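Notes for the one structure printed next.
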Amino acid sequence: MTSHTAVRRFRAPLWLLPAVWTLLLGAWGLSRQDSVWRDEAATWQVAQRSTAEIWHTLEHVDAVHGLYYLVMHALFEVFGPGTTTLRLPSVLAVAVAAACVTVLGQRLVGPRAGLGAGLVLGLLPAVQFHLQEGRPYALVTAGVALSTLLLAAGTERPDRSPYWAAYGTAVLLCGLLNWLSLLVLPAHLVTLVWTRAPRGTWKRWAAASTTAVAGVLPLVLFSRSQSQQVAWIPPLTWHMMIGPAVLLAIGGLGVLLDRPRAGRPSAAAVGFPLLAVPQLGLVSLSLVKPLFLDRYVLFSMVGLALLIGTALDAAARAAGARFPGASSWLLPVVVALTAGALLPQSLAKRSPASRVDDVMAIAVEVRQLKRNGDAVLFMPAERRDTEALSPGAFSGLRDIALVEGPEESGTLKGREADEAPIRAAILAQRRVLLVTDATGVAKPPWTARDRAKASVLKEHFAVVADRQVRGRRVTVYARLEPVR
């Protein structure tokens with residue numbers, strides 16, 4: 001066989017194109033001008049701690065993200081801290097999800113539907129946001145995409161135990177990354193009901209699912225003791241339901257256009273439950289305790305992408321029936337037009353302004369405004385993350401409210417003194433730098449310590465400099481009267 005024949009016979013797998021396309025989308029503007037916002041700062045802080053310090057931290061805060069922090073710690077150890085190391089795992093994860101949904105669409109509908117679903121996934125606005133996030137939600141999305149592909153394969157070959165073992169492992173890992181991802185199980189249950197799965201499939205699915213839930217249950221029970229971390233999430237309102245309603249409407253179109261293939265689950269039976277059930281499940285949970293954040297069910301976008309791919313395939317077939325040859329160019333044209341239409345939004349999501357704040361930018365202002373011997377305060381204490389990520393900018397400053405550092409206290413913000421000692425410490429200073437939220441940024445309720453800081457600064461100090469940048473603010477206060 002000649003080399004020319006070998007090249008001609010070689011065909012790259014269909015999933016490779018969406019995977020590469022997604023990687024390119026993720027690599028584009030990955031650093032966001034070297035900005036890091038508060039959620040990513042939590043990952044950065046914890047990932048730089050030792051393994052023992054991470055376990056100590058998880059006893060007090062963010063136990064739900066424990067596995068993710070340990071993974072990021074290993075990556076920081078190997079590749080060093082930086083925005084690339086912080087966000088590249090999410091890029092790779094969404095690329096894996098795109099590959100999985102491509103194979104899934106190809107299996108259930110056909111090559112064109114699979115290719116459309118894989119190319120569309122990375123363009124979905126919610127996915128574009130988390131494609132470049134140093135948080136675990138993209139990894140969960142990859143795990144759910146893989147588990148859904150394994151479910152589809154398992155329903156066709158219920159006697160293949162390796163499929164079900166891999167399925168249970170994928171669900172378990174997703175649950176350990178974020179236990180709300182277990183909402184994928186009722187979605188898959190609906191799929192099995194929809195497809196009238198045989199008894200053997202039910203038994204294997206139940207065994208794999210039960211094992212996964214049992215593995216995640218200790219984390220669920222322990223993390224309930226840290227439920228105050230999500231106390232800031234607002235109660236569910238009608239306007240919060242607009243997004244899910246639009247997504248379900250779009251998904252419903254894919255259901256109507258689905259054309260099932262004999263002997264296999266339909267794309268509608270797999271995609272629509274994956275889109276709808278987690279969204280509705282999170283809404284139901286939020287009626288008991290406010291938890292509705294779209295990132296918690298980002299993985300449902302896999303179902304939406306599958307349904308959109310199905311709709312694109314149906315449109316291409318209809319166009320081809322009326323205009324011969326149209327079916328071959330419709331998909332690339334639609335994807336190109338969609339990418340172009342979303343370009344302004346894509347650019348916005350890669351800008352530092354796309355996040356509520358920038359931990360790094362305000363550190364530059366602190367470096368310019370500080371003088372040796374100045375004191376520094378953080379209000380609220382969570383804004384100490386700026387110092388954790390840019391300690392050099394705070395060299396020479398004294399953190400006068402801090403009693404125990406974040407690492408020693410096993411927290412993200414450290415432990416501060418009570419109001420009276422804080423007030424006395426402030427009154428002993430000539431100049432104080434206050435790092436806080438910028439005007440217009442949603443602020444958490446002030447604690448008694450915060451009120452004490454604000455009161456003494458207002459009464460005994462004057463503002464001599466005030467700068468705001470990307471959601472953060474640093475104000476320099478000088479003492480009005482001589483220090484006693």
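The values are calculated or read from the model by the stated rules, or taken from the named source; none is laboratory data. All of these numbers come straight from a predicted model, not from anything done at the bench. A quick note on method: Cβ atoms are made from the backbone with ideal geometry, for glycine too, and the neighbour counts reach across all protein chains shown. SASA here: full protein model, heavy atoms, side chains in, ligands and nucleic acids out. Shrake-Rupley method; radii C 1.70, N 1.55, O 1.52, S 1.80 Å.
The rows are residues; the columns are (1) out of contact with any strand residue (DSSP E or B) (no Cβ under 6 Å at 6 or more places or on another chain); (2) of a type in the set (Asp, Glu); (3) modelled with pLDDT under 95.
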{"position": "Ile400", "(1), (2), (3)": "no, no, no"}
{"position": "Pro421", "(1), (2), (3)": "yes, no, no"}
{"position": "Arg430", "(1), (2), (3)": "no, no, no"}
{"position": "Trp446", "(1), (2), (3)": "yes, no, yes"}
{"position": "Phe461", "(1), (2), (3)": "no, no, no"}
{"position": "Ala465", "(1), (2), (3)": "no, no, no"}
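List the residue pairs whose Cβ atoms are under 8 Å apart, where the first residue sits in region 224-251 and is free of Cβ contacts under 8 Å to residues at least 24 places away in the same chain, the second is surrounded by 10 or more Cβ atoms within 10 Å (Cβ to Cβ) and not in a loop (DSSP other than H, G, I, E, B), and the two are 6 or more positions apart or on different chains.
Listed by first residue and then by second, the contacts come to nothing, as the list is empty.
Quick one: in region 177-202, which of the residues that are farther than 19 Å from Phe272 by Cα and surrounded by fewer than 21 Cβ atoms within 10 Å (Cβ to Cβ) is nearest to the chain's Cα centre (by Cα)?
Ranking the qualifying residues of region 177-202, first place goes to Trp179.
All but one of (1) farther than 30 Å from Leu433 by Cβ; (2) loosely packed, with under 15 Cβ neighbours inside 10 Å; (3) more than 24 Å from the chain's Cα centre (by Cα) hold for Ala326; which doesn't?
The single condition Ala326 does not satisfy is (2).
Name, by its number, the condition in (1) modelled with pLDDT of 95 or more; (2) crowded, with 24+ Cβ neighbours inside 10 Å that does not hold for Val109.
The one condition Val109 does not meet is (1).
Quick check on region 407-466: of everything there that is buried (at least 18 other Cβ atoms within 10 Å of the Cβ) and polar (S, T, N, Q), which residue is farthest from Pro380 (Cα to Cα)?
This residue is Gln429.
With respect to Glu365, is the statement that it is in contact with a helix residue (DSSP H, G or I) (Cβ under 9 Å, 6 or more places away or on another chain), over 27 Å from Leu139 (Cβ atoms), of a type in the set (Asp, Glu) and in a helix (DSSP H, G or I) true?
Answer is yes for this residue.
Among the residues of region 133-152, how many are open to solvent by less than 10 Å² (accessible area, probe 1.4 Å) and in a helix (DSSP H, G or I)?
Going through region 133-152 one residue at a time, the tally reaches 9.
Which of the residues belonging to region 286-299 are touching a residue at least 60 places away in the same chain (Cβ under 8 Å) and closer than 25 Å to Leu146 by Cα?
Answer for region 286-299, where residues must be touching a residue at least 60 places away in the same chain (Cβ under 8 Å) and closer than 25 Å to Leu146 by Cα: Leu293, Asp294, Arg295, Tyr296, Val297, Leu298, Phe299.
When you check Ala311 against the structure, is it small (Gly, Ala, Ser), buried (at least 21 other Cβ atoms within 10 Å of the Cβ) and farther than 18 Å from Thr102 by Cβ, yes or no?
Answer is no for this residue.
Residues to consider are Arg259, Arg264, Arg317; find the one that is among the basic types (Lys, Arg) and part of a helix (DSSP H, G or I).
Just a single option satisfies the conditions, and that option is Arg317.
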